[in-house]
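Everything on this sheet refers to the single structure shown next.
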Amino acid sequence: MKPNQIKRLSRLYQRQFPMDGNYTNEQARELAELSADTGRQLGLIIDRQGKVQMVLVGDNRAIYIPELSRARMSSGRLRGLRLLHTHLNEEILSQEDLMDMVFLRLDSVTVLNVSEGFPKTAQTAHLLPPNPEEKSYEIMEQVRWDRMDVDLGQIVEALEDEFSRQMDGVGRESDENRVLLVSVDDTPKPVQELSLEELAELADTAGLIAAGTMIQRVRKLNPKYIMGKGKLAELEVKALQANASVIIFDQELSPTQIRNLAKVTERKILDRTQLILDIFAQHATSASGKLQVEMAQLKYTLPRLVGKNRAMSRLMGGIGGRGPGETKLEIDRRRANDRLTRLKKELKQVRKRRTQTRERRAKAGLPIVSLVGYTNAGKSTMLNTLTQSKVIAEDKLFATLDPTSRRIRFPQEREVVLTDTVGFIRRLPPDLKEAFRATLEELESADLLVQVCDASHPEVEEQVEAVRVILAEMDLDDIPSILVLNKWDKLDEEGRDAMRNIYPEGIPAVAVKRSTLEPVVESILSKVDW
């Protein structure tokens, strides 16, 4: 650029612009003339006091906006800056302009169209709060530049008031726990919806508030962002409207995708695996459970130890970063691998001790009956009812992590050891499955498997099949088993008939009612080899 053009640009930087966004003739003409003179698009980043914070010089097609300060921006607020920039060749607001507004959370963006060295038309857009039409932003009509009569200051004030009312309604103390749940997959939408319901249960178990959902069906996942740029813009607006500080994907994300998403959205990004790891970290109480969680966390984190950014900030605590080993999550790869080696040795000792315990039980001649099933199916509740124990049993996923064994005496002076195991789940993270091998090895010595399912769950068939697949993968499908249709009282007559047709071998039961478990006990007695 020529020296005189640079001087004119510096004068623009020193100017005070109207807070309502209606620019004076002199300001508009000066910006248009300079844009035409240089043959470049020019942009001004203006704060709410009308002061120019940044002057942008692009080429004849676009401008580039560098990283802006996040000083005053929270998850539910606009940035407090608006963009005014020129377009050449009679262009209106472009998709790129709208994307800049969305991703940077600008108060508004206004395009001044320049033709033959003079301002010609103007067009403005701004973001919208939650609305019945689910619109992300409003694009105003293109008007002659000197007839633009929109009070942007008043509009932005109303927007901020709406966002503030929304935050007051949910309680500001819960802002950090509000999450947006997202599914991007090639499966049909109804399947994704059911999977997101399970993800919502996982989020609830982790102490999070599901503030909204978003589903996209794609033929092929985007390797950079998992979704396309247009859908990513919609995601950003939904997160803003839902006042969500965290975005959780139902799919496992690559380290690159997590970094890119965190950079674009400026929010914490978690995937299904990280959420499950966090739940296990919260619930691990025994020494072996903590070892297993730490090992799984380190295996998950190793490929992601590439530098500090917002994607990794979640690993410093809070959702996605708590539990044993959280102080080691940013150590270098060498030390992490050393730690993993030590953990494997310690877990080998855990397995050895449990093997010895199982051998002692075998010498005592007591049959072992193991309760297995999908997480939150009611296994721990059934154990408590049958043995009058007080094992933790909550209406949450993965309330039980460590195996619990209780001796129970049946009629005819018969005794068995009843064992409760960790609940299964579809798409269990491979690292976690390996880490919990010591827990699941309890099943290898079982004389009988009692598969407990939630008969009232809309996906009961998928859950039963998921458990059977996992058992088959562990070569445990040859152990005798019975199927218990728990929560029978929640089904109407039509639902009960359907369950009888699907699982004629199933035993109806209500885990909290001891009398309903008598058929289960009778089946156990008949199946166990005395």
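Values quoted throughout were computed directly from the atomic coordinates according to the rules given, and no laboratory measurement underlies them. Everything numeric in this text was worked out from a predicted model, so none of it was measured. Backbone-built Cβ (ideal geometry, glycine too); neighbour counts: all protein chains shown.
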How far apart, in nm, are the 7 Å Cα→Cβ label points at M140 and F410? 7.8
Each label sits 7 Å from Cα toward the beta-carbon; between K345 and K189 the label points are separated, in nm, by 5.6
Find which of Q14, I45, V114 sits farthest along the positive direction of the dipole of the stretch 3-167, computed with +1 on the beta-carbon of Lys and Arg, -1 on that of Asp and Glu, about the Cα centre. Q14
Along the charge dipole of the stretch 3-167, Cβ charges K/R +1 and D/E -1, which of Y137, S94, A28 sits furthest on the positive end? A28
Net charge near D146, counting Lys/Arg +1 and Asp/Glu -1 over other residues with Cβ under 13 Å of its Cβ? +2
With the 8 Å Cα cutoff and a minimum separation of six or more residues, the stretch 3-167 has a relative contact order in percent of 21
Give me the extension gain from K229 to K2: residue separation times 0.36 nm, minus the current Cα-Cα distance, reported in nm with one decimal. 78.1 nm
Would you calculate the separation in nanometres between label points at R29 and S10, each defined as 7 Å from the Cα along the Cα-to-beta-carbon direction? 2.5
Distance from the stretch 242-283 to the stretch 466-530 (C-alpha centre basis), Å: 36
Sorted by average packing, counted as other Cβ atoms within 10 angstrom per residue and highest first, what order do 60-66, 126-132 take? 126-132, 60-66
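Distance check, please: which entries in K299/K348; K290/K490; K268/K299 exceed 27 angstrom between their Cα atoms? Each step should come with its number before you reach the end.
Values: K299/K348 17 Å; K290/K490 36 Å; K268/K299 20 Å.
Pairs exceeding the cut-off: K290/K490.
Going by average Cβ neighbours within 10 Å, how do the peptides 463-471, 238-246, 374-382 rank, with the highest at the top? Before the final figure, lay out the partial values.
On the way: 463-471: 18.9, 238-246: 23.7, 374-382: 25.4.
Result, highest mean Cβ count within 10 Å first: 374-382, 238-246, 463-471.
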Calculate, for S456 and E176, the FRET efficiency according to 1/(1 + (r/R0)^6) with r their C-beta to C-beta distance and R0 35 Å; round to the nearest 0.05. 0.60
On each of the three principal axes the extent of the alpha-carbon atoms of the stretch 3-167, given in whole Å and largest first, is 49, 31, 25
